[in-house]
């Protein structure tokens with residue numbers, strides 16, 4: 001029998017909905033010197049669109065769940081303003097002449113390694129926020145729509161390896177009976193969001 005940590009009290013029974021992690025098929029290539037400015041502009045546009053997306057999510061979460069839950073997305077907006085994160089990506093585009101998608105992915109890999117080496121589990125879990133923000137940037141670069149569970153016709157229990165906060169925020173409140181994830185814990189941002197549903 002599987003064992004886990006309850007992030008919130010109670011028991012739920014219902015149909016399981018398996019939510020697969022979104023994978024990005026990224027074609028890695030070098031750009032020409034004269035294409036660098038255009039690639040930087042593509043990246044900047046994707047960041048601006050990600051800010052708009054996260055701003056909308058934050059507003060909706062604040063209206064439906066509260067300020068505490070909405071602050072998670074304010075933190076995501078701060079990541080999009082973080083010079084270490086943004087400059088790492090732009091440096092890869094400028095110096096290594098990588099396409100923007102590859103630059104984002106490589107930066108995420110570096111940040112994942114840094115977070116994974118942290119002693120505190122709480123800090124290690126915060127990489128999920130950076131990864132969620134990176135996913136928004138990649139979706140905007142690739143012009144892929146955001147997958148949502150906002151129009152469900154029946155009540156479900158979401159089963160996933162892990163849930164990003166924006167995954168949880170996109171779900172139809174009232175139709176989600178519970179969550180079962182392989183990764184996470186009581187203090188994860190997705191658990192905080194889930195308790196508000």
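Every read-out reported here was derived from the displayed coordinates using simple, explicitly stated rules and does not represent laboratory data. All of these numbers come straight from a predicted model, not from anything done at the bench.
Please label the shape of region 120-179 as rounded, prolate or oblate, based on the square roots a ≥ b ≥ c of the eigenvalues of the alpha-carbon gyration tensor (a/c under 1.5 means rounded; beyond that, a/b larger than b/c means prolate, else oblate). Kindly include the intermediate steps, with their values, before the conclusion.
Numbers: a/c = 3.08, a/b = 1.25, b/c = 2.46.
The shape class here is oblate.
When every alpha-carbon pair in region 67-106 is counted, what percent end up more than 16 Å apart? Please list the in-between numbers first.
Numbers: 352 of 780 pairs.
In whole percent, the share of Cα-Cα pairs in region 67-106 beyond 16 Å is 45.
Based solely on C-alpha atoms, express the radius of gyration and the Dmax of region 17-95 in angstrom.
Using the Cα atoms of region 17-95, the pair Rg, Dmax is 16.1, 47 Å.
Determine the calculated [θ] at 222 nm for the chain from helices alone, applying -39500 (n - 2.57) to every DSSP H run no shorter than 4 residues and normalising by the residue count; nearest 500 deg cm²/dmol. List each step's numbers first, then the result.
On the way: 8 runs with 107 residues, N = 197.
-17500 deg cm²/dmol, from helical runs alone.
What's the extension gain from residue 18 to residue 147 if we count 0.36 nm per residue and subtract their Cα-Cα distance?
Details: separation 129, 0.36 × 129 = 46.44 nm, distance 1.33 nm.
Full-extension gain reported as 45.1 nm.
In 10 Å bins starting at zero, report the fraction of Cα pairs in the chain per bin as a rounded %.
Histogramming the chain at 10 Å steps yields 8, 34, 34, 18, 6, 1 percent.
Compute the length gained on full extension between residue 95 and residue 118: take 0.36 nm times their separation in residues and subtract their Cα-Cα distance, giving the result in nm to one decimal. Walk me through the intermediate numbers first.
On the way: separation 23, 0.36 × 23 = 8.28 nm, distance 2.85 nm.
Additional length available on full extension: 5.4 nm.
Picking from 150, 166, 50, which is most flexible by a Gaussian network model of the chain using Cα springs under 10 Å?
The residue that fluctuates most here is 150.
Kirkwood hydrodynamic radius (Cα pairs, Å) of region 90-135?
Numbers: mean 1/r = 0.0893 Å⁻¹.
Roughly 11.2 Å, rounded to one decimal.
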